[in-house]
Amino acid sequence: MSNTWLDTPTRCDGVEGRMLWMGNVRADWSSDFVKSLFVGGTAHQPSTPVQVEVAVRRNAFRVSPDTPSVGFALVTFTTPEAANEALTRLHDKPVPDTDATFNLRLHASTLRSEHKNRNGVSLQAQLAPLDAAEIRRRLELFKTPSDPIAEREVRDSGGNGALRLWLLRRLTCVHGNSGIGENTLKMSPPQIPRTKTRAFPEVTTLSLPPDVIAKCLSVLRTTQWPRVSDREGVHCSSYVSLSSLPNPNARRKRRNKKYATLWRAAFEVLASVCGTHTASMFDGLAVTRNVKGSPHIDGLDVAAQFVASFGDFSSGDGKEDGDSGGMLCVETSPASVCVIDTRNAVAAIDGRFVHWVDPSYVGERFSLVWYKRNRDVKEWEVPTNAVHEKFWDADQWRAVEKETPSAKSWVHAGARDLEREAGNVLEL
């Protein structure tokens, strides 16, 4: 197996920058034994002891059901240089007095830790929400299928987290990311560029009436935001999640009562462009303040969603043309991203596709997201469209839904209104 971990540069100057992860630590290896493997000096100064701190985590994962559990160790050096020297000198070398070999990498080289800063929207961050099966599917699509033998080696040395990161690096390399070593693929990778296209407002959004905007902003600016975000995985100043699903517990009852004004304001916003019938169909509401970056998938959603943003924010990079700071970015295909300006307007997207907010803005930015998580399977929709263009156009979506019944959605407000008026209400 090629040494893919050595291609990864140190990503910070703090404790993680001088920490190594050591895999396949046996159950009978003590902290003192692991420490002794690193304190014998460096290649340049073999007589100078190296100072390290070791924390062993035993029985952390099992490579396969028929093998004993193995652990890992976190080895902290005094400097990043010392950590990198040990990594280069010892990785893949035999462990003294054992039949094992060193399995080392920089501690930051895991999918979760590499994306702790959810503000970033690098190519790897955009692809990080994908699961391993989808990454493999895309590698097949781009004619660079994964290698099962190499996957096994990566999983054996670092568990499923290391495997996901390895697969993710292969996919970013396929897209031509210059920061990923090509030997991750063991071949010259194809260059499949990711395109980013600005959506036309006339086909993606409905503008909100000025009085509705003013009233909603007043409510948002006077809201008593919770001290702790309701969604840790999204980088923002505040995040409130509300639900009208039946049988709420005591906490959700208190939360709904506290933010009843916010729920009503959001209902009025959606009703102003989609009508009260459509506005009465959502069962979940996310209200955010200053979301930045945070590529993610709304995996609990059962249908498409409406989105809107408000506030006094502007691009933070000084550009006047072609800027997308504060806009909503949605992955519409494995190689394309659509950028939508949702300020003071409503758009319809599917949150089960990767999406994020362009973080290059300054000022205050609020957002409303109307979604559905109804447990009734009749409410579930197939995720067919990342962006529902002209969701208000009854003729367009009735034709689409006639051709493809699985494309039916509650966000097709015009089509649903016609069905209701005809006495043939759609059972989603």
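The values are calculated or read from the model by the stated rules, or taken from the named source; none is laboratory data. All figures in this text were calculated on a predicted structure; none of them were measured in a lab. Heads up, the Cβs are rebuilt from the backbone with ideal geometry, glycines too, and the neighbour counts pull from every protein chain shown. Ligands, DNA and RNA are excluded from the accessible area calculation, which covers all protein heavy atoms including side chains. Shrake-Rupley method; radii C 1.70, N 1.55, O 1.52, S 1.80 Å.
Of everything in segment 343-382, what is more than 29 Å from Asn247 (Cα to Cα) and among the polar types (S, T, N, Q)? Give them in sequence order.
Correct list: Asn344, Ser360.
Filtering segment 207-251 down to residues that are small (Gly, Ala, Ser) and free of Cβ contacts under 8 Å to residues at least 24 places away in the same chain, which residue is surrounded by the fewest Cβ atoms within 10 Å (Cβ to Cβ)?
So the residue we want is Ala250.
Go over the candidates Ser30, Ser69 one by one and state the one that is hydroxyl-bearing (Ser, Thr, Tyr), surrounded by fewer than 16 Cβ atoms within 10 Å (Cβ to Cβ) and modelled with pLDDT under 85.
Answer to the selection: Ser69.
Considering (1) under 18 Å from Val287 (Cβ atoms); (2) open to solvent by less than 10 Å² (accessible area, probe 1.4 Å), say which one Asp312 fails and leave the rest.
All conditions are met except number (2).
Among what's in segment 120-147 and is outside any helix (DSSP H, G or I) and closer than 17 Å to Asn160 by Cβ, pick the residue that is most open to solvent (accessible area, probe 1.4 Å).
Once the filter is applied, the top-ranked residue is Asp131.
Determine, yes or no, whether Val203 is in contact (Cβ under 8 Å) with a residue 12 or more places away in the chain, surrounded by fewer than 13 Cβ atoms within 10 Å (Cβ to Cβ) and of a type in the set (A, V, I, L, M, F, W, C).
yes
Going through segment 274-299 one residue at a time, which ones are assigned to a strand (DSSP E or B) and either open to solvent by 50 Å² or more (accessible area, probe 1.4 Å) or not aliphatic (A, V, I, L, M) (or both)?
Gly284, Thr288, Arg289, Gly293, Ser294, Pro295, His296
Given the residues Gly351, Gly325, which is the only one that is closer than 19 Å to Ala386 by Cα and in a loop (DSSP other than H, G, I, E, B)?
Gly351
Within the set of pairs 6+ apart or on separate chains, which have a first residue in segment 134-147 that is aromatic (Phe, Trp, Tyr), a second that is in a loop (DSSP other than H, G, I, E, B) and surrounded by 13 or more Cβ atoms within 10 Å (Cβ to Cβ), and C-beta atoms under 6 Å apart?
Close Cβ pairs (under 6 Å, with a partner that is in a loop (DSSP other than H, G, I, E, B) and surrounded by 13 or more Cβ atoms within 10 Å (Cβ to Cβ)) amount to Phe142/Ile192.
Kindly establish whether Thr10 is surrounded by 15 or more Cβ atoms within 10 Å (Cβ to Cβ), β-branched (Val, Ile, Thr), over 29 Å from Leu167 (Cβ atoms) and at pLDDT below 90.
For Thr10, the condition - surrounded by 15 or more Cβ atoms within 10 Å (Cβ to Cβ), β-branched (Val, Ile, Thr), over 29 Å from Leu167 (Cβ atoms) and at pLDDT below 90 - is not met.
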